[in-house]
Amino acid sequence: MRTLSVSIDLDPLYCYYDIHGIGEYRRSGLDPIYTISIERIRKFFDDMGIRPTLFVVGEQLQNDEVVDILKSAVDNGYEIANHTYSHRYDFSLLTEEEIEEEVVKCKGIISDRLAVDVCGFRAPGYNINSRIIKTLISLGYKYDSSILPSPFYYFAKAGIILMYRIIGRGTRSICGSVRMPFAKREPYFTDEKSIYKDGGKGIVEAPISVAGIFGFPYVGTFIMGYKDWAHNYLVRKSGGISYLQIELHGIDFLDSRDIQDQRLLESQFDISVPLDKKLDRLKSLIDRFKPDQIKRLSDIDL
């Protein structure tokens, strides 16, 4: 039977300033991801009867308002997963001790403030390695969902990073292993010895889905915020994928009405797409699945 999972990374807006190297994020009040995006996420998915997995950056839970917002989502059936404590883009370059600290600290604050157990993880920037997988196994995690097996995305990202460095933008994005784009596309067991293919043991790896030989990714930017042909291609190809994981970000639920900083508007092109159009595109993809085909990441069985 075909299966659909939906996950959403709740990356704060400052992450996009780090990606594009456009200076410091000048924030006043609560991050728009929590003041605006979450409400829209809840309305869209509640209306469809779907409960996505929310990957949370732990440090955001220091704010009581964020805690209240996420508690409401938890009470309504949303799964909470670990997206590290501080969303460092160099997370994969850290030592084992530093990796463990980021993972443990995030799980700790989620458990303390939301009173939920955490069994899933996603690394910042989709960059995973043997030290991270080893840490997750030792800490008893059920699944990781960091793999994005997309040659298109990997080499496009590498080109953008190179361009930013040439023009003097201090991007914090990094490219992971060149083996990542060619990893297995269906869920599989992984351990520190076989990250990109089925090792037959360890924890479940639930890759973000891709389509076609070039691996066009089922991520919010391309489903909701790119050209019509890209969306149509992903919808058409979804019929031939037995396990589809759609990966979104909180920023996908914002548009130019919500962002005033011209630096971000010029760098994050998908913000210019009207929200209604983005949501229509997303719905047209999800509508291809029946309710009994939709599962949370923690419910994926091999």
TODO: Looking for whichever is touching a residue at least 40 places away in the same chain (Cβ under 8 Å), over 30 Å from LYS43 (Cβ atoms) and under 16 Å from the mean Cα position of the chain (by Cα) here; the options are ILE133, ILE128, ILE137. Which one fits?
DONE: ILE128
Open item on the list: So, in region 51-84, how many residues would count as being surrounded by fewer than 21 Cβ atoms within 10 Å (Cβ to Cβ), assigned to a helix (DSSP H, G or I) and of a type outside the set (A, V, I, L, M, F, W, C)?
Closed with: 8
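Give PHE216, PHE289 a once-over and let me know the one that is of a type in the set (Phe, Trp, Tyr), closer than 23 Å to ARG122 by Cα and surrounded by 12 or more Cβ atoms within 10 Å (Cβ to Cβ).
Answer to the selection: PHE216.
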TODO: For GLU97, work out the one condition from (1) under 26 Å from LEU275 (Cα atoms); (2) modelled with pLDDT of 95 or more it doesn't fulfil.
DONE: (1)
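Against the condition outside any helix (DSSP H, G or I) and closer than 21 Å to ILE50 by Cα, how does VAL118 come out, does it pass?
Details: outside any helix (DSSP H, G or I): yes; closer than 21 Å to ILE50 by Cα: yes.
Judged against the criteria, VAL118 is a match.
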Open item on the list: Looking at LEU234, LEU248 in this structure, which one is assigned to a helix (DSSP H, G or I), under 25 Å from PHE152 (Cα atoms) and out of contact with any Pro (no Cβ under 7 Å at 6 or more places or on another chain)?
Closed with: LEU234
- [ ] Would you confirm whether any residue within region 196-211 is assigned to a strand (DSSP E or B) and among the charged types (D, E, K, R)?
- [x] yes
Task: Subset of region 212-231 [among the hydroxyl-bearing types (Ser, Thr, Tyr), part of a loop (DSSP other than H, G, I, E, B) and modelled with pLDDT under 95] - done: TYR226
Task: region 254-275, residues that are assigned to a helix (DSSP H, G or I) and out of contact with any Asp or Glu (no Cβ under 9 Å at 6 or more places or on another chain) - done: GLN262, ARG263, LEU264, LEU265, GLU266, SER267, PHE269
Open item on the list: I'd like to verify a number: residues in region 92-101 that are touching a helix residue (DSSP H, G or I) at 6+ places or on another chain (Cβ under 8 Å), free of Cβ contacts under 8 Å to residues at least 40 places away in the same chain and outside any loop (DSSP other than H, G, I, E, B), how many?
Closed with: 3
- [ ] Check region 159-171 and report whether any residue there is free of Cβ contacts under 8 Å to residues at least 24 places away in the same chain and either among the basic types (Lys, Arg) or more than 22 Å from CYS15 (Cα to Cα) (or both).
- [x] yes
Task: Lone qualifier among ILE137, ILE160, ILE241 - being outside any loop (DSSP other than H, G, I, E, B) and more than 20 Å from VAL103 (Cβ to Cβ) - done: ILE160
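The values are calculated or read from the model by the stated rules, or taken from the named source; none is laboratory data. Source: prediction; values computed, not measured. FYI the Cβ positions are ideal-geometry reconstructions off the backbone, even for glycines, and counts take in every protein chain you see.
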